[in-house]
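Asks: I'd like to ask some things about the structure below.
The values are calculated or read from the model by the stated rules, or taken from the named source; none is laboratory data. These figures come from a predicted structure and were not determined experimentally. Note that we place each Cβ from the backbone using ideal geometry, even for glycine, and neighbour counts take in every protein chain shown. What goes into the accessible areas is simple: the full protein's heavy atoms, side chains included, and nothing from ligands, DNA or RNA. Shrake-Rupley method; radii C 1.70, N 1.55, O 1.52, S 1.80 Å.
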Amino acid sequence: LVIATGNFITSSIATWTIGMICTIVLGFIHIVGWGLGPLESILIVIVVGFSVDYTVHLADSYMGSKSIGRAEKGTDALVHTGSSVLSGAISTLSASIPMFFAQIVFFFKFGAFVFLTISLSLLFSLGFFCAILLVIGPLGTQGDVANLYAGIVESMHEHILEIEREDEQLK
């Protein structure tokens, strides 16, 4: 997420959001008593992929916004990416509904899992994630990964110049 957003603040908020989605889905699996069989193991791996999608798209849109304020950046993210996120969720949710009527347990569980994960991902990405960005989202260069490396690069450059000066003095 840090690589995708280029910002450790946004990626931390996104990770927090994704973690909450995964926790609720895993709690659901436990509450309904599905145990941990081969199917559930596959579903647990898939939950991360389903949970990341919408949040990362909104994070990228927020970070790519040319606006200055949090409210404007959040609005840009929702306007430019929110409709795509909503459309993707509606199509995936619609595709999972017929699986609720399947006689084969695998398909029923998979449908319930997809429906729950996508619903939570939509709710948390458009609701929680965007709301948190509006309150504590990074502005300007706050949290930019490049800022972390800039000090290291500058320090190394100064060190190299110092070594070169010492070499010149020795000659």
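Asks: Mind checking which residues of region 57-66 are open to solvent by 30 Å² or more (accessible area, probe 1.4 Å) and in a helix (DSSP H, G or I)?
Replies: If the condition is that a residue be open to solvent by 30 Å² or more (accessible area, probe 1.4 Å) and in a helix (DSSP H, G or I), then HIS57, ASP60, MET63, GLY64 are the ones that fit.
Asks: Give VAL85, VAL79, VAL105, VAL45 a once-over and let me know the one that is aliphatic (A, V, I, L, M) and open to solvent by less than 70 Å² (accessible area, probe 1.4 Å). Step through it out loud before you land on a result.
Replies: Numbers: VAL79 fails: open to solvent by less than 70 Å² (accessible area, probe 1.4 Å); VAL105 fails: open to solvent by less than 70 Å² (accessible area, probe 1.4 Å); VAL45 fails: open to solvent by less than 70 Å² (accessible area, probe 1.4 Å).
Every option except VAL85 fails the conditions.
Asks: Moving on to the next point. For residues in region 141-171 being in contact (Cβ under 8 Å) with a residue 12 or more places away in the chain and not hydrophobic (A, V, I, L, M, F, W, C), which is surrounded by the most Cβ atoms within 10 Å (Cβ to Cβ)?
Replies: GLY143
Asks: Does PHE113 count as crowded, with 18+ Cβ neighbours inside 10 Å and of a type outside the set (Ser, Thr, Tyr)?
Replies: Considered against the rule, which asks whether it is crowded, with 18+ Cβ neighbours inside 10 Å and of a type outside the set (Ser, Thr, Tyr), PHE113 comes out as yes.
Asks: Out of (1) open to solvent by less than 40 Å² (accessible area, probe 1.4 Å); (2) under 27 Å from SER11 (Cβ atoms); (3) touching a helix residue (DSSP H, G or I) at 6+ places or on another chain (Cβ under 8 Å); (4) part of a helix (DSSP H, G or I), the odd one out for PRO138 is which?
Replies: (4)
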